[in-house]
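Before any comments, here is the structure.
No value in this document is a laboratory result; all are computed from the given coordinates. What you see is a predicted model, and the numbers here were worked out from it, not measured in a lab. Every residue, glycine among them, receives a Cβ derived from its backbone with ideal geometry; neighbour counts consider all protein chains shown.
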Amino acid sequence: MDRQQEFVLRTIEERDVRFVRLWFTDVVGSLKSVALAPAEVEGAFEEGLGFDGSSIEGLARVYESDMLLQPDPSTFQILPWRGDTEQTSRMFCDILTPDGQPSAADPRHVLKRTLAKAADMGFTCYTHPEIEFYLLKSEELGADGQPVPVDHAGYFDHVPGGVAQDFRRTAVGMLESVGISVEFSHHEGGPGQNEIDLRYADALQTADNIMTFRTVIKEVALQQGAYATFMPKPFSQHPGSGMHTHFSLFEGDSNAFFEAGAEFQLSATARKFIAGILRYAPEFTAVTNQFVNSYKRLWGGGEAPSYLSWGHNNRSALVRVPLYKPGKGQSARIEYRGIDSATNPYLAYAVLLSAGLRGIEEGYELPSVAEEDISLLTTAERRVLGHDPLPSSLHDAVRIAEESEFLAEVLGERVYEHFLRNKRAEWQDYRLQVTPYELQKNLGIL
């Protein structure tokens, strides 16, 4: 038994932890949980915990249903919202086959496999997500059939005694109590919309943190009589919720994206990384923007990027190179702005990183920088400049993903197959719906 496992067992005993929740995700990133009695934790470390994988979306077929959960002791945390009596903790798990091998259907393993490839190339990847979400009075719709936000404040607004302000203070405190460091928090542009930015961490820890973040945000909202949603576009007339993520690669202690004196202080490695992301973005958009509603955000105006482009401090670009801070070469990074808050972070970061690493491996050439507001260009101007569009619907994204050898390789056959099957089913359900828009527009005149 290693030292981390010993620490977990000792903490469980000293803190009188009564329940140990084992967390993992299905192929679309829904959090799954099973509560383990403290006496069973040591056995779970040694042998794993058996469960029926065929009952979880995308994990196993019926005839190979037996799977094992292997707790990762480095992710052990007490859950503060459960209170001081009958304390509850959690650990994220890797999913194994009965013979102890990593499951090809485990989203967490997909990311770990990508990070292992990066390590073989000499890189450590750090990520820093900016997570947006809406805070609503409840999950019930108002009399007009629309969600009801908790306020009507705007970007960076300070509302004395405001619900969102109290909410963010409580949420940040709870996040930090489970080991998630927060860099910024503020009101976003939409009514009831908030943003909390997590401090940078390695990509696997960030993905684990995002899954915990969503749970914390929803728990705090419920405690305060509200409801939090990470739906990409809950309001047609207000901005969608993105999860812009900053990426940087380090070689040892050196930032591989920084080169003093280069254009935008951007190294050749960084330029190739961006080029890889731009080349494969249409193919992985089904993963980073996985719901029907995701495309209402991408193509619904606001600052959501819809075209292949990169720019220096250009917020209309899909990939942004943030303003360089003199004397802070270690902070050099790029920001991918297409991803939304409802993504499966394990798969999303796996495809983004893999695309960038492919760009480095193959030496892809970076197209010209976009200096203008891309949304204001005409279709012809965008075409001439090479700013091709991202998929405009889940249907289009899935169709492109189905033809992508890159995506199949990164996700692995099992995850690729189950993910696409789930998305096809969602599109089929959606296209059969008769929407309120159609009824309001057509019922009285046709």
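For segment 3-101, what number results from the quotient of the Cα radius of gyration and 2.2 N^0.38 Å?
Dividing the Cα radius of gyration by 2.2 N^0.38 Å gives 1.09.
Specify the residue with the greatest mean-square fluctuation among Ala105, Ala348, Ala380, computed from a Gaussian network of the chain linking alpha-carbon atoms under 10 Å apart.
With Cα springs under 10 Å in the chain, the top fluctuation among Ala105, Ala348, Ala380 is at Ala380.
For the chain, what is the charge dipole size about the Cα centre, in debye to the nearest 20, if Lys and Arg each add +1 at the Cβ and Asp and Glu each add -1 at the Cβ?
On the way: 41 positive and 63 negative charges, 186 e Å.
The dipole of the chain has a size of about 900 debye.
Counting only helical runs of four or more DSSP H residues, what would the 222 nm mean residue ellipticity of the chain come to if each run contributes -39,500 (n - 2.57) and the total is spread over all its residues? Mind showing how you got there, number by number?
Working: 13 runs with 162 residues, N = 446.
Computed mean residue ellipticity for the chain: -11500 deg cm²/dmol.
I'd like the distance between the alpha-carbon centres of segment 369-405 and segment 5-41, rounded to an integer number of Å.
44 Å
Only one of the listed values, (i) 77, 46, 40; (ii) 66, 57, 51; (iii) 92, 80, 47, was derived from the coordinates as Cα extents along the principal axes in Å; which label is it?
Recomputing Cα extents along the principal axes in Å here picks out (ii).
With bins 10 Å wide starting at 0, give me the P(r) of segment 285-373 over every alpha carbon pair, in whole percents.
Cα pair-distance distribution for segment 285-373, in percent: 16, 40, 37, 6, 0.
Tell me, how many Å apart are the Cα centres for segment 173-224 and for segment 117-157?
9 Å
For segment 279-298 and segment 336-356, what is the centre-to-centre distance using only Cα atoms, to the nearest Å?
10 Å
Rounded to whole Å and ordered largest first, report the semi-axes of the equivalent ellipsoid of segment 296-446 derived from its Cα gyration tensor (root of 5λ).
On the way: eigenvalues 197, 108, 42 Å².
In descending order, the three semi-axes are 31, 23, 15 Å.
At 18 Å minimum axial length over the Cα atoms and a Kyte-Doolittle cut of 0.5, report the qualifying DSSP H helices in the chain, or say none. All intermediate terms of the calculation are to be shown ahead of the outcome.
Numbers: long enough: 107-120 (20 Å, -0.61); 163-177 (21 Å, -0.06); 203-223 (30 Å, 0.34); 268-288 (28 Å, 0.47); 345-362 (25 Å, 0.67); 413-431 (27 Å, -1.95).
Qualifying helices, which must be both long enough and hydrophobic enough, are 345-362.
Give me Ser267, Ser354, Ser254 ranked fewest to most by other Cβ atoms within 10 Å of their Cβ, as a rough exposure proxy. Walk me through the numbers on the way to the answer.
Working: Ser267 19, Ser354 25, Ser254 11.
Least to most surrounded, the residues fall as Ser254, Ser267, Ser354.
Rank the residues Leu9, Leu439 as a footprinting-exposure proxy: fewest other Cβ atoms within 10 Å of their Cβ go first. Could you put the intermediate results ahead of the total?
Numbers: Leu9 17, Leu439 10.
Neighbour counts put them in this order, fewest first: Leu439, Leu9.
Considering Cα pairs under 8 angstrom that are at least six residues apart, work out the relative contact order of the chain and quote it in whole percent. Display every interim value, and only then the final one.
Numbers: 855 pairs, mean separation 66.7, N = 446.
Reported relative contact order: 15 percent.
Compute the distance in nm between two label points, each set 7 Å from the Cα along the Cα-to-Cβ direction, one at Glu183 and one at Gln330.
It is 1.4 nm.
If we count other beta carbons within 10 Å of each Cβ, what is the order of Met231, Met1, Met243, fewest first? Please report the intermediate quantities before stating the final value.
On the way: Met231 20, Met1 11, Met243 24.
Ascending Cβ contact count within 10 Å gives the list Met1, Met231, Met243.
Hey, if you drop one equal point scatterer on each alpha-carbon of segment 341-423 and run the Debye formula without solvent, what base-10 log of I(q)/I(0) do you get at q = 0.16, 0.21, 0.22 Å⁻¹?
Here log10 of I(q) over I(0) equals -0.85, -1.16, -1.19.
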